[in-house]
Amino acid sequence: MTTRVESSGVESWREAFESIRAALPGERDVAFEAFAARGFPTNRVEAWKYTSLRPLARQRFRPAEPDRDAVVPFLNAGPRIVLVNGFLREDLTTVPVGRWAGPDNRAGVEDEALVALNAAMAGDGYVLTIAEIRDEPIEIVHATVPSPTGPVAQSRNRIVIASGGTARVIERHIALGKGAYFVNGVTEVEVQAGGQLHHTKLQEEGADAHHLWFMPVQLDRDAVLESAVFTFGARLSRNQIEADIFGEGATLALNGAYAIAGRQLADHTSRIEHRAPGATSRQVYKGAIGGQARGVFQGHIIVAEGAQKTDGQQLNRALLLSGRAEIDAKPVLEIYADDVQCSHGATAGDIDGDALFYLRSRGIPANSARGLLVRAFLSEILDETPEDALRRAVEDRIDAFLEVGA
Amino acid sequence: MSRVAAETVEQVRSLGDRYKYGFVTDIESEQAPKGLNEDIVRFISAIKEEPEWLLAWRLEAFRHWQTMTEPDWAKLGIPMIDYQDAYYYSAPKQKEGPKSLDEVDPELLATYDKLGIPLREQEMLAGVAVDAVFDSVSVATTFKAKLEEHGVIFCPISEAVQKYPELVRKYLGTVVPYTDNFFATLNSAVFTDGSFVFVPKGVRCPMELSTYFRINAANTGQFERTLIVAEDSSYVSYLEGCTAPMRDEHQLHAAVVELVALDDAEIKYSTVQNWYPGDENGIGGIFNFVTKRGACIGARSKISWTQVETGSAITWKYPSCMLHGADSVGEFYSIAITNNYQQADTGTKMVHMGPRSRSRVISKGISAGRASNAYRGLVKMLPGAASARNYTQCDSLLIGSHCGAHTFPYIESQNRSARVEHEATTSKIDEDQLFYCRQRCIDEEEAVALIVNGFCREVLQQLPMEFAVEAQKLVGISLEGSVG
């Protein structure tokens, strides 16, 4: 396998890196060189087979700067953490948080070029530690202000649920205005023994945005992580989760729903590695794809030798709503233990003709019937979400999608 | 079922640690010098008295091959292969070509007997025509007369090049071009023999066609090339079975099989591959790098692959269907069993281009010992594949806690009206089933053979009768020593 290095792209990034290097805390050169050695992945790299970043490598981006005046809309009146352009807005943040202070060589995540770039250039990020049981959801807003210079916002965040802690977190990604920008972020998640995290991500980036988000996860004994992602925005987006289950009896549920149209590309990539016995993982990803949009799903379950009694299930379903829509799926199972129950399923196709006929035969016009079926298809993921405001936000996005995409 | 299982276990016992087909026939071989260069390619072409166009084609392939590198994407640990340290041509010495079975070297015939291919018996009783390939040269072909009556051509490809050059030239390399992949390109340059089948318009081939491949001389890579063409509304079923003698040194096998099905034609291609898998410490064994591909060119054409892969140290094989025709059908039924240190990376590609084309993939992988068994498949719906349909099911069974079973499916759909469904499961032998058998005094090894045969049933059912019985036994034999 050869990794093509788009040297021109790397050089413009080096320039950008040098321009902010002095202001960044911690050692950054190693991370930048790790990025430079790899460059932006093209589809010659297996993990990026369906999502080429070549166009991104050709564009010039300037590191985004803190914006202390931008007005940020919220979903809830509850506790919140706010970042604008990748920098924490302390004036808007109501939850006590720590700040990210530079690379600490945690988990070798810098193997990925984009993660290395983030490690090199991220200027800020929250560290949220929960040791108690918190019922009220914490809203985390990642807002970016587009500008003609093409800002790149890179934050590095961390959620730690200590033993016995329970939390609900909603991460929202929004644009404050119209225009192009690039978000390359990381949220590290660690759930310690017996901890529970219910995490929802709502990605509503601007239409010209590129959104790459990496979420490395570590689960300890009997830890629970339920994470759902709703993807609607961005010209190109990739939500990548790499979960390592270290503790016996841990439970991981990763869900996703996306609705994309026009020339959007939405990539959902996950790798779950069962390193301890008796853990459970569940994944359900569903997408509605209209226009000339492209959905990508790559799911990888690894069961390491000795991880007996693993239960790993994965499902990917895609609805192709237009003649030029495309889905590419790669659900991989890699199993090194014999006493396991693992499965995956994948389907792709149009709306079920019989269901459509059923509705039409009852006097529902074709368009409404299609909308009804698409909404029903996606809402399976939404059903898991208890927060009303979040539900409404997702439903509004689905409605908006149905007007243009389906 | 229980009778077969009992037989299996008996066979396992009688085998002990020995590989059933591990014997070497002592026949003087006519060999080209070791190594690979343009001269060897020319030598092979010259000795086969090939026309100019074929030599040119081989040389183009060889030149292209020199620019290529071995593929490394499969989940296989492939030791370095020194392509210069092998013989590319070896033929059993014969003064003249045999005119009938009586003229065939008796030692050769004895080898076939040991393999269980009694040519004469088959000729009389089984009604199966055998184009037996020994190393690189076909030595005996039966039932020619009967096939000729129906207008079916079934002969070694080297003979077809002489007798039907226009047919060979028209189709050779149209499904697997010489630029296709490292091993297919190597094969294009140095292929020595293989079978050619041509079924003319409207003919239903009156018998199952079968070929047994054997690798005999030490250090001889086998580069078979098989081409099957089924004209409009014709039908042919082709069987391929393989065994090879025990060797300590790795042996390379890079075959190419091309199938062409025109309007309403159907080709059924069945394989039982039982080459030497290496010993229980992973020493020796065949490297099997095969490119098999069928083109459903015509409307309503059908190509069906069935394979039982139990042998070889390394298997790299993806029998595929290019579904060009409207309403064309592709099928892939596979059992892959790996034990000890065997490695297999096998699967299929179903590329849907024609409207309403359909494909079905059923793969059963069984991994035991320290083996690695991977399914790798692609289902692709191109924009023209309106209302196309695919169903894929991959099941893996693990026996023992040191083996691996993997699934790498690629699903790409560019047509909204196409439907793709994929399912995969991984599990171990159910304790309850095992207990149920043992409760009834079926010992563990026999019970495993029974359960595994049940696990594979969907695929075994697809095999022609004579293969199905052999394959069932093989399933048990291959898993020998994997329990307890």
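Please find, among B:E412, B:E445, B:E466, B:E480, the residue that is at pLDDT 85 or above and surrounded by 15 or more Cβ atoms within 10 Å (Cβ to Cβ).
Within the list B:E412, B:E445, B:E466, B:E480, the selection yields B:E412.
Among the numbered criteria (1) within 11 Å of chain A (Cβ to nearest Cβ); (2) farther than 18 Å from A:V332 by Cβ; (3) surrounded by fewer than 22 Cβ atoms within 10 Å (Cβ to Cβ), which single criterion is violated by B:A388?
Among (1) within 11 Å of chain A (Cβ to nearest Cβ); (2) farther than 18 Å from A:V332 by Cβ; (3) surrounded by fewer than 22 Cβ atoms within 10 Å (Cβ to Cβ), B:A388 violates only (3).
Mind listing just one residue for me: the one in region A:346-361 that is surrounded by fewer than 17 Cβ atoms within 10 Å (Cβ to Cβ) and of a type in the set (G, A, S) and, of those, farthest from the other protein chains (Cβ to nearest Cβ)?
It comes out as A:S361.
How many of the residues making up region A:267-307 are part of a loop (DSSP other than H, G, I, E, B), hydrophobic (A, V, I, L, M, F, W, C) and surrounded by 23 or more Cβ atoms within 10 Å (Cβ to Cβ)?
Matching residues across region A:267-307 total 3.
So A:K330 ticks every box in (1) touching a residue at least 40 places away in the same chain (Cβ under 8 Å); (2) buried (at least 23 other Cβ atoms within 10 Å of the Cβ); (3) within 7 Å of another protein chain (Cβ to nearest Cβ) but one. Which box is left unticked?
(2)
Is there a residue in region B:296-315 that is surrounded by 24 or more Cβ atoms within 10 Å (Cβ to Cβ), modelled with pLDDT of 95 or more and not in a strand (DSSP E or B)?
yes
Here's a check for you: in region B:320-343, which residue that is modelled with pLDDT of 95 or more and aliphatic (A, V, I, L, M) is farthest from B:K75 (Cα to Cα)?
B:A326
Considering only region B:352-375, I want to know if a residue exists there that is in contact (Cβ under 8 Å) with a residue 40 or more places away in the chain, within 11 Å of chain A (Cβ to nearest Cβ) and within 29 Å of A:A288 (Cα to Cα).
yes
Quick check, is A:V10 surrounded by 14 or more Cβ atoms within 10 Å (Cβ to Cβ), among the aliphatic types (A, V, I, L, M) and touching a residue at least 24 places away in the same chain (Cβ under 8 Å)?
The answer is yes for A:V10.
Can you spot a residue in region A:187-206 that is touching a Phe, Trp or Tyr at 6+ places or on another chain (Cβ under 6 Å) and closer than 14 Å to A:V127 by Cα?
no
Is there a residue being over 24 Å from B:T174 (Cα atoms), at pLDDT below 95 and not in a loop (DSSP other than H, G, I, E, B) anywhere in region B:215-222?
yes
Which is assigned to a helix (DSSP H, G or I), over 20 Å from the mean Cα position of the chain (by Cα) and over 28 Å from A:P137 (Cα atoms), of A:L356, A:L333?
A:L356
Mind checking which residues of region A:221-232 are part of a loop (DSSP other than H, G, I, E, B) and surrounded by 21 or more Cβ atoms within 10 Å (Cβ to Cβ)?
Passing the criteria: A:A223, A:F232.
Answer with yes or no whether A:V340 is closer than 19 Å to B:V379 by Cα and within 9 Å of chain B (Cβ to nearest Cβ).
Against the criterion (closer than 19 Å to B:V379 by Cα and within 9 Å of chain B (Cβ to nearest Cβ)), A:V340 does not qualify.
Quick check on my filter: what residues within region A:32-53 are of a type in the set (D, E, K, R), in a helix (DSSP H, G or I) and surrounded by fewer than 17 Cβ atoms within 10 Å (Cβ to Cβ)?
Answer for region A:32-53, where residues must be of a type in the set (D, E, K, R), in a helix (DSSP H, G or I) and surrounded by fewer than 17 Cβ atoms within 10 Å (Cβ to Cβ): A:E33, A:E46.
Give region A:159-213 a look and list any residue that's outside any strand (DSSP E or B) and closer than 21 Å to A:G86 by Cβ, or say none.
A:L176, A:G177, A:K178, A:G179, A:A180, A:E205, A:G206, A:A207, A:D208
Would it be correct to say that B:E208 is closer than 21 Å to B:V256 by Cα, at pLDDT below 90 and of a type outside the set (A, V, I, L, M)?
Yes: the conditions hold for B:E208.
Among the residues that make up region A:308-315, is at least one of them assigned to a loop (DSSP other than H, G, I, E, B) and facing another protein chain (nearest Cβ under 9 Å)?
Among the residues of region A:308-315, at least one is assigned to a loop (DSSP other than H, G, I, E, B) and facing another protein chain (nearest Cβ under 9 Å), which makes the answer yes.
For region A:261-282, how many residues meet the condition of being under 16 Å from A:H211 (Cβ atoms) and within 15 Å of the chain's Cα centre (by Cα)?
5
Give me a count of the residues in region B:404-450 that are at the interface with chain A (Cβ under 7 Å from one of its Cβ atoms) and of a type outside the set (F, W, Y).
22
For residues in region B:417-437 being of a type in the set (A, V, I, L, M) and over 24 Å from A:A325 (Cβ atoms), which is modelled with the highest pLDDT?
Here the answer is B:A424.
Give region A:3-27 a look and list any residue that's basic (K, R) and modelled with pLDDT under 90, or say none.
Scanning region A:3-27 gives a single hit, A:R4.
Here's the yes/no breakdown for (1) among the hydroxyl-bearing types (S, T, Y); (2) under 27 Å from A:R391 (Cβ atoms); (3) touching a strand residue (DSSP E or B) at 6+ places or on another chain (Cβ under 7 Å):
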position: A:D91; (1), (2), (3): no, no, no
position: A:G125; (1), (2), (3): no, no, yes
position: A:D135; (1), (2), (3): no, yes, no
position: A:S147; (1), (2), (3): yes, no, no
position: A:P151; (1), (2), (3): no, no, yes
position: A:R168; (1), (2), (3): no, yes, yes
position: A:R172; (1), (2), (3): no, yes, yes
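Does A:S379 qualify as being farther than 15 Å from B:T425 by Cα and either at the interface with chain B (Cβ under 8 Å from one of its Cβ atoms) or within 25 Å of the chain's Cα centre (by Cα) (or both)?
Taking the combined requirement at face value, the residue satisfies it.
The values are calculated or read from the model by the stated rules, or taken from the named source; none is laboratory data. Note that the coordinates shown come from a computational prediction; the quantities given were computed from them, not determined experimentally. Cβ: placed from backbone, ideal geometry, glycine included. Neighbour counts: every protein chain shown.
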